[in-house]
Amino acid sequence: MENLTKYLNWLKNKNLSPTTISLYERVIRKYGDKLIDTKSIQRLFEKNLIGYQPSYLTLQTEIFKSYTGWLKLRIDWEKITKIIPTHQKKFFDTISIEELELLKQTRIEKNFTIYQRNSLILDLLFYSGIRVNELINLKHSDFRHDSITILGKGNKVRYVFVTPQIVIKFEPNNPDYFFLNSRNKPLKAEYIRNMINLRTKQAGIKKRITPHTFRRSFATLLNSRRCNLTTIQKLLGHSHITTTASYIHNDHQTLYNDYSKLWKNNPHLTTYEPL
């Protein structure tokens with residue numbers, strides 16, 4: 001598929017993550033030749049209603065929109081999206097500062113220097129909200145004064161701040177990447193995912209924690225400290241504030257804590273006998 005190859009290169013030039021590009025490629029390889037006009041896409045979604053969850057259908061919609069837009073096809077997406085069932089977004093795990101500290105104290109590495117480097121990775125993910133692919137491409141020279149220059153998705157540049165404990169680790173005159181492996185090569189995103197997964201299991205934390213969990217935790221923590229939503233949006237690099245809001249509102253613990261105010265310390269609640 002010649003068009004697909006060109007499209008994937010276009011996505012790479014927009015600085016999308018390899019994981020996202022791989023997902024787009026799988027979906028388009030499966031359905032690309034069927035994305036001809038509004039009627040053909042509508043028939044495809046009507047067929048997929050049986051076998052797929054609404055969340056996946058919504059994801060397909062975004063991928064199809066991107067690809068057909070790149071092909072400059074005229075598609076009536078408003079007509080198509082009407083047949084996709086609405087769904088409530090799922091809850092996402094986040095971690096607290098206490099859980100972050102537990103992860104940092106959990107050592108799975110034999111080499112102490114690598115253990116310290118990996119703990120610094122956790123701190124930087126948690127206290128900056130940057131994406132894992134932004135982290136592995138971070139260089140010492142990206143730090144200036146009190147902020148880091150980040151080249152994010154869609155080649156958008158933004159500036160993020162870091163704690164004083166992380167600031168002192170930067171060497172502005174050093175041209176190297178900030179995080180290197182034992183062969184002085186940049187770390188891979190998969191290495192960081194595996195490290196976080198192993199530390200999570202070793203720490204006994206019963207949550208599914210990924211690098212993106214730290215990004216959601218960053219947003220949720222700032223929101224709990226009453227930071228402006230627009231500030232959080234700019235720090236995360238979101239184009240739309242609704243995306244930022246979804247990072248916060250889908251936090252299970254926050255919702256549960258707010259809900260529990262309904263019944264905690266309520267003297268009027270009845271204690272029931274076992275059924």
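What follows draws every value from the coordinates through simple rules; no lab data is involved. Since the structure is predicted, the reported quantities are computational estimates derived from the model, not experimental observations. Cβ coordinates were reconstructed from backbone atoms using ideal geometry, including for glycine residues, and neighbour counts include every protein chain displayed.
Order by neighbour count: His240, His212, fewest other Cβ atoms within 10 Å first, most last.
Working: His240 9, His212 14.
By the 10 Å Cβ count, ascending: His240, His212.
Using θ = phi - 60° and the Karplus relation 6.51 cos²θ - 1.76 cosθ + 1.60, list the HN-Hα couplings for region 140-156 in order, rounded to whole Hz, with x at every Gly or Pro.
4, 6, 6, 8, 9, 6, 10, 9, 10, 8, 10, 9, x, 4, x, 6, 8
Under 20 Å from the Cα of Lys234, which lysines turn up, not counting those fewer than eight places away in the same chain?
Cα-Cα hits under 20 Å: Lys14, Lys153, Lys156.
At q = 0.12, 0.15, 0.18 Å⁻¹, what log₁₀ I(q)/I(0) does region 97-259 have when each alpha carbon counts as one equal point scatterer in the Debye sum?
Taking Cα atoms of region 97-259 as identical point scatterers yields -0.54, -0.86, -1.22.
Based only on other Cβ atoms within 10 Å, what is the fewest-to-most ordering of Thr68, Thr231?
Ascending number of Cβ neighbours within 10 Å: Thr231, Thr68.
If you add up the charges near Asp176, with Lys and Arg at +1 and Asp and Glu at -1, over every other residue whose beta carbon is less than 12 angstrom from its beta carbon, what do you get?
0
Check Ile95: other-chain or 5+ apart residues with amide H under 5 Å from its amide H, H built from backbone geometry?
It is Ser217, by chain and number.
When the Karplus curve 6.51 cos²θ - 1.76 cosθ + 1.60 is applied with θ = phi - 60°, which whole-Hz ³J(HN,Hα) does each residue of region 114-126 get, with x for Gly and Pro?
5, 4, 5, 4, 5, 5, 5, 4, 4, 4, 5, 4, 6
Can you give the convex hull volume per residue for the Cα atoms of the chain, as a whole number of Å³? Let's see the in-between values first.
Numbers: hull volume 56.2 nm³, N = 275.
In the chain, the Cα convex hull volume per residue is 204 Å³.
Roughly how large, in nm² to one decimal, is the mean projection of the convex hull of the alpha-carbon atoms in region 2-81?
The orientation-averaged projected area of the Cα hull of region 2-81 comes to 5.2 nm².
Where in the chain lies the longest segment free of trypsin sites (Lys or Arg not before Pro) that are both loop residues by DSSP (not H, G, I, E, B) and have at most 10 other Cβ atoms within 10 Å?
No qualifying site falls inside 111-182, the longest such stretch.
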